[in-house]
1. Relative to the longest principal axis of the C-alpha atoms of the chain, give the angle of the C-alpha long axis of helix 6-26, reported between 0 and 90° and rounded to the nearest 10°.
2. To the nearest 10 square angstrom, how much accessible area does Trp220 have with a 1.4 angstrom probe?
3. If you take every DSSP beta bridge whose two residues both sit in the chain, what share of them, in percent to the nearest 5, is antiparallel?
4. Tilt of helix 322-331 relative to the longest C-alpha principal axis of the chain, in degrees (0 to 90, nearest 10)?
5. Output the Cα-based Rg and Dmax of the stretch 187-308 in Å, rounding Rg to one decimal and Dmax to a whole number.
6. If you roll a 1.4 Å probe over the heavy atoms of the protein chains, what accessible area per residue do you get for the stretch 94-146, in Å²?
7. Would you tally the net charge around Arg330, using a Cβ to Cβ cut-off of less than 14 Å, leaving Arg330 out, and scoring K and R as +1, D and E as -1?
8. Roughly speaking, what is the centre-to-centre gap between the stretch 311-325 and the stretch 236-254 when only Cα atoms are used, to the nearest Å?
Amino acid sequence: MSLTGTPFFLATIALAVVTVLLPLLLWGRVRGPAVVRGAVRLVMVVLAQAAAVLSVFVMVNNTNGLYDSWADLLGTGHHIVAAPDLGRDGLGDHKHLANESKVAQDFSLTHDARLGRGVRVTQLSGRVSGVRGEVYVWLPPQYGQPAFRHRKFPVVELLGGFPGSAKAWFGSLRVQSQLEAGMRRGEIAPFILVEPRTNLLAGQDTGCANVPGVVDAESWLSVDVRQMVTDTFRAQSRASGWAVAGYSAGAHCAVKMALSHPDRYRAAVGLSGYNDPAAERVSLTGRDPELRRVNNPLWILRHAATPPCVSLYLSGGRNDGYRDGLALRRAAAPPTRVVVAEVSGPHTTGLWKRQVGHVFRWLTAELSPCVGRVVPSSGI
C-alpha cells in the first residue's frame, strides 16, 4: 500500500478510531490481577495514542510532500550508482556534452490525482553524476500548439526541501494549476517545469553538493537533469532560458547552484532558505568545515572571480531566510541582482504556495540575457 495514497490514509484513520473505541468498550471488562489489568489498559492507551500520531503524520506528510514512498521514509532506496571526482565544474571527463550521444528519455503521464493534469515522469540514470532517480516534467499549454511547434521554451527547475518529495511543487504547491491560466493569457512565460529527486541519501541532506565518493548531487541537478531536458523537449539550452527555484533546503540549493554556475542558470528563487549549510541539522556539507565554507552562497558570491550574471529573488521571515537574503544583497555587485522580500507565516508549504504566482511573474521578467556580459560556456 502506497505511503502517500488515500487508502493508507483512510486505513490510519480507521485504526485510530478502533484503538480509541477499544478502551471505552473493554476497560471494565479486563480481568486478572491488578498488575495485569493495569498493563492491559496501559497498552490500549498507548496503541490509541500511537494510532492517532500515525494518522497525523500521514496527513502532514501528504500535505507537505515530505516522504514520497516507504523507501524514502525507511531509507532503503538506492540512488547512488557512482560518485566520481568531477572537478570544480562538475563535469569530470564530460567537458563537451554536445559531442556525446543524446540523453532523450521516455516519459509517461502520472496517475497521481494530487499532481493534477499533464505531469509526466521518467527514471533518469545520470551519465555524469552516477545518480539514479525520478524526474517530473510539466509542459506549458503552448507546447503542443501548432503556432509554437518551432519554439524552444524556457525552463524552471524546481527543488523541494529536506526531507522532500520530487512531487512537492506539483502536489503540495500546485504550481502548474496556479500558473496555467496566466500562461494562456500571456501574463506568465510558458515555462517548462522540471522537478527532479533531491532526496538521495538516507537520513542526510546532500546540500546539492558534489562530494567525491559519496554523492554528486550538484552535477545530477545542474548537468544530468538539465541535459536530459534539452535533449528530450524543445527547451532552451542557454543560461538565459533557465532558472532554478526552491524552498527551505531547496532554496539554499537553488541560490548556490545559480551563483556557482551562471553559465547554466540566469535566475534563482529562494523561499525561506539559508546561506550556512549547517542550518540544516543533517546536512552533509554542514558537518565538514571546508564543505560548509565553499557551499555557502555568501562565500561563493564574495569569492567569485567576476560578479555572476544572475538575478536572485529571496523571501522569508525575519529569522527564516530574510536576513540571509539581505546579506547576499549587501555582497552583490552588478550584474548580480538581488531582490529580497520579507514575508510572514510558518515554515510550511502554505507560505510558499501563496508566493508562486508572484515568483513566476518575476521570473518572466528576469529570464533575459544580461547585456554586455558573456559567461564562458562549459559545454552544456
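The values are calculated or read from the model by the stated rules, or taken from the named source; none is laboratory data. The model shown is predicted, which means the values in this text are computed figures rather than measured ones. Virtual Cβ from ideal backbone geometry, glycine too; neighbours counted across all protein chains shown. Please note that ligands, DNA and RNA were not included when accessible areas were found on the heavy atoms of the full protein model with its side chains. Shrake-Rupley method; radii C 1.70, N 1.55, O 1.52, S 1.80 Å.
1. Around 20 degrees separate the two axes.
2. About 0 Å², ignoring ligands and nucleic acids.
3. On the way: 18 of 45 bridges.
That works out to approximately 40 percent antiparallel.
4. Once rounded, one gets 20 degrees.
5. That works out to 14.2, 45 Å for Rg and Dmax.
6. In whole numbers, the stretch 94-146 has 53 Å² accessible per residue.
7. After counting each charged neighbour, the total is +3.
8. 16 Å
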